[in-house]
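Novice: Can you read through this structure? Questions will come right after.
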Amino acid sequence: MRTALTALTEELKRLKTTGVSTVSVSAESLAALRKVVAARAAKSLGAAVGYPVLVEDFKREVPTKATAAAGAPAREFAPTAVAVNPPVAAARPAPSSTPSAASAPAAAAAATTPSKVKPAPTPLLPSPPVVNLPAGDKATRWAWLRDQVLNHPVCLANVRPGKKVVFGVGSLDAKILFVGDAPGPEEEVQGEPFFGPAGQLLTKMILAMGLKREDVYIVNLMAWRPQTPTAAGMEQVANRDLTAEEMAFNLPFLRAQIEVVNPDLIVVLGATAARGLLGAGSFKTLLDVRGQWNQFLGKPLIVSYHPSYLLRQEASGATAARKAKRATWEDLLKVMERAGLTISAKQHAYFLDK
């Protein structure tokens, strides 16, 4: 497979030097390529990142009570301000499909590892919605909120035909709530956050903490996958950064889910989601806030690496990958301590240099 991709890439590079800027690729060919790549990635995912070892070791190890680590004083960040206006009844039209300016080599590479492109100018979204949760128990309020989001005209206008709006999943009594940035290709098909390769890794991380996916609550800041220019009849390949307007519009839906679940603490995965919750100007790089306790809606909040970042580090070599894994695991140890979960001595030592 790798040999074939290399040959294809070289041929396309040659065509580019002769002045050819675009090459037609059938939907069937692209779908077949993505299917093979996804199957290979899913097969090697657990072994590459190492979390299956964590899970099995956790099951074998008799846990001991963790000693709470003394952390830095928490800092309070004001949530991103959003306008409080009545919801707009009519949604803006969905962006029209236009041929992609990306070359075929770029599309082939994106099929292997979806790339991020800078946001293109998009029509203005309506003012962020006001979410007034009804009275009732958690299940009643959550069901009402889910129905509002899945059927919101703006959300529906921003998903491609055949795709789904994505809403949070998990326990409504969860102590720990995980927040990601936006749905990917697998998530918009399933309608569930963290369902693709990064989601499989997140599930293994949760299991290594001694929990199940059903014990926590998982949600994305965005309810839909941000669109990129894609030729009619073709599947979207690339991902892109979120606009400030998109994050502001979706933030009330996230805040309402946090209000319903009322977790003890929040784990934010990745810089994009962190900027959405803590404010765009609250930090320059993820390293400025990673592993530190902050506040959001009165809840302790910690920022860590996104699982997709850990997957990408595998391509950078064993040393870089192990360093990223250990840093992420240290963040999860802080979460476990704060949540009152037991931690074994073996868990404390995961990914330490031998």
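The values are calculated or read from the model by the stated rules, or taken from the named source; none is laboratory data. These numbers come from a predicted model, not from an experiment. All Cβ positions, glycine included, derive from the backbone under ideal geometry; neighbour counts span all protein chains shown.
Novice: When you go through (1) surrounded by 22 or more Cβ atoms within 10 Å (Cβ to Cβ); (2) within 20 Å of VAL131 (Cβ to Cβ) one by one for PRO153, which number turns out not to apply?
Specialist: If we test PRO153 against (1) surrounded by 22 or more Cβ atoms within 10 Å (Cβ to Cβ); (2) within 20 Å of VAL131 (Cβ to Cβ), just (1) comes out false.
Novice: Sticking with this one: Please verify whether ALA280 is in contact with an Asp or Glu (Cβ under 6 Å, 6 or more places away or on another chain), of a type in the set (Gly, Ala, Ser) and farther than 24 Å from LEU150 by Cβ, treating the condition exactly as stated. Give the derivation first.
Specialist: Details: in contact with an Asp or Glu (Cβ under 6 Å, 6 or more places away or on another chain): no; of a type in the set (Gly, Ala, Ser): yes; farther than 24 Å from LEU150 by Cβ: yes.
Here the answer is no, as ALA280 does not meet what is asked.
Novice: Something else about it: All but one of (1) within 24 Å of ARG338 (Cα to Cα); (2) surrounded by 23 or more Cβ atoms within 10 Å (Cβ to Cβ); (3) in contact with a helix residue (DSSP H, G or I) (Cβ under 6 Å, 6 or more places away or on another chain) hold for SER171; state the number of the condition that does not hold.
Specialist: (2)
Novice: Now for a different question. List the residue pairs whose Cβ atoms are under 8 Å apart, where the first residue sits in the range 299-318 and is in contact (Cβ under 8 Å) with a residue 60 or more places away in the chain, the second is of a type in the set (Asp, Glu) and surrounded by 20 or more Cβ atoms within 10 Å (Cβ to Cβ), and the two are 6 or more positions apart or on different chains.
Specialist: HIS306/ASP181
Novice: In addition: For the condition assigned to a loop (DSSP other than H, G, I, E, B), farther than 11 Å from LEU221 by Cα, in contact with a Lys or Arg (Cβ under 8 Å, 6 or more places away or on another chain) and at pLDDT 95 or above, what is the one hit in PRO263, PRO300?
Specialist: Working: PRO300 fails: assigned to a loop (DSSP other than H, G, I, E, B).
None of the others qualify; the one that does is PRO263.
Novice: Here is a further query. Residues of the range 102-154 being at pLDDT 95 or above, farther than 26 Å from THR272 by Cβ and assigned to a helix (DSSP H, G or I), which ones?
Specialist: LYS138, ALA139, THR140, ARG141, ALA143, TRP144, ASP147
Novice: Moving on. Return yes when LEU251 is aliphatic (A, V, I, L, M), at pLDDT 95 or above and touching a strand residue (DSSP E or B) at 6+ places or on another chain (Cβ under 7 Å) and no when it is not. Explain how you work it out, then say what you get.
Specialist: Numbers: aliphatic (A, V, I, L, M): yes; at pLDDT 95 or above: yes; touching a strand residue (DSSP E or B) at 6+ places or on another chain (Cβ under 7 Å): no.
The answer is no for LEU251.
Novice: Contact list please: Cβ distance under 9 Å, first residue in the range 178-198 and free of Cβ contacts under 8 Å to residues at least 12 places away in the same chain, second residue of a type outside the set (Phe, Trp, Tyr) and in a loop (DSSP other than H, G, I, E, B), pairs at least six apart or on different chains.
Specialist: Pairs found: PHE195/VAL166; PHE195/PRO183; PHE195/GLY184.
Novice: Have a look at LYS175, LYS164 and point out the one that is basic (Lys, Arg) and closer than 23 Å to SER308 by Cα.
Specialist: On the way: LYS175 fails: closer than 23 Å to SER308 by Cα.
So the residue among LYS175, LYS164 that is basic (Lys, Arg) and closer than 23 Å to SER308 by Cα is LYS164.
Novice: Follow-up question, since we're still on this one. Taking the residues in the range 279-309 that are among the polar types (S, T, N, Q) and in contact with a helix residue (DSSP H, G or I) (Cβ under 8 Å, 6 or more places away or on another chain) as candidates, determine which candidate is surrounded by the fewest Cβ atoms within 10 Å (Cβ to Cβ). Even if it seems obvious, please write down each step before you answer.
Specialist: Within the range 279-309, the subset among the polar types (S, T, N, Q) is 282, 285, 292, 294-295, 304, 308.
After this cut, where a residue has to be in contact with a helix residue (DSSP H, G or I) (Cβ under 8 Å, 6 or more places away or on another chain) as well, the list is 282, 285, 294, 304, 308.
Details: SER282: 16, THR285: 8, ASN294: 21, SER304: 26, SER308: 23.
Within the range 279-309, the match that is surrounded by the fewest Cβ atoms within 10 Å (Cβ to Cβ) is THR285.
Novice: Consider the range 173-201. How many of its residues are over 20 Å from ASN250 (Cβ atoms) and either assigned to a strand (DSSP E or B) or not polar (S, T, N, Q) (or both)?
Specialist: Let us first name the residues in the range 173-201 that are over 20 Å from ASN250 (Cβ atoms), namely 173-176, 197, 200-201.
Those still in the list that are either assigned to a strand (DSSP E or B) or not polar (S, T, N, Q) (or both) too: 173-176, 197, 201.
Number satisfying all stated conditions: 6.
Novice: Answer yes if at least one residue in the range 310-332 is among the aromatic types (Phe, Trp, Tyr) and either crowded, with 19+ Cβ neighbours inside 10 Å or not in a helix (DSSP H, G or I) (or both), and no otherwise.
Specialist: Looking only at the range 310-332, we keep the residues that are among the aromatic types (Phe, Trp, Tyr), and these are 329.
Subsequent filtering for residues that are either crowded, with 19+ Cβ neighbours inside 10 Å or not in a helix (DSSP H, G or I) (or both) retains 329.
Within the range 310-332 (the criterion being among the aromatic types (Phe, Trp, Tyr) and either crowded, with 19+ Cβ neighbours inside 10 Å or not in a helix (DSSP H, G or I) (or both)), the answer is yes, since at least one residue qualifies.
Novice: Which condition breaks for LEU242 when tested against (1) at pLDDT below 95; (2) more than 15 Å from CYS155 (Cα to Cα)?
Specialist: (2)
Novice: Is the range 343-354 home to any residue that is among the acidic types (Asp, Glu) and either surrounded by 16 or more Cβ atoms within 10 Å (Cβ to Cβ) or touching a residue at least 60 places away in the same chain (Cβ under 8 Å) (or both)?
Specialist: Restricting attention to the range 343-354, the residues satisfying the condition of being among the acidic types (Asp, Glu) are 353.
Retained after the next criterion (residues that are either surrounded by 16 or more Cβ atoms within 10 Å (Cβ to Cβ) or touching a residue at least 60 places away in the same chain (Cβ under 8 Å) (or both)): none.
No, because not a single residue in the range 343-354 is among the acidic types (Asp, Glu) and either surrounded by 16 or more Cβ atoms within 10 Å (Cβ to Cβ) or touching a residue at least 60 places away in the same chain (Cβ under 8 Å) (or both).
Novice: Could you list, in sequence order, the residues of the range 199-234 that are under 26 Å from VAL260 (Cα atoms), over 17 Å from the mean Cα position of the chain (by Cα) and either surrounded by 18 or more Cβ atoms within 10 Å (Cβ to Cβ) or not charged (D, E, K, R) (or both)?
Specialist: Once the filter is applied, which keeps residues that are under 26 Å from VAL260 (Cα atoms), over 17 Å from the mean Cα position of the chain (by Cα) and either surrounded by 18 or more Cβ atoms within 10 Å (Cβ to Cβ) or not charged (D, E, K, R) (or both), the range 199-234 yields LEU207, MET209, GLY210, LEU211.
Novice: Here's another thing I want to ask about it. On the given criteria, is ILE343 β-branched (Val, Ile, Thr) and in a loop (DSSP other than H, G, I, E, B)? Talk me through it step by step, then tell me what you get.
Specialist: Working: β-branched (Val, Ile, Thr): yes; in a loop (DSSP other than H, G, I, E, B): yes.
Here the answer is yes, as ILE343 does meet what is asked.
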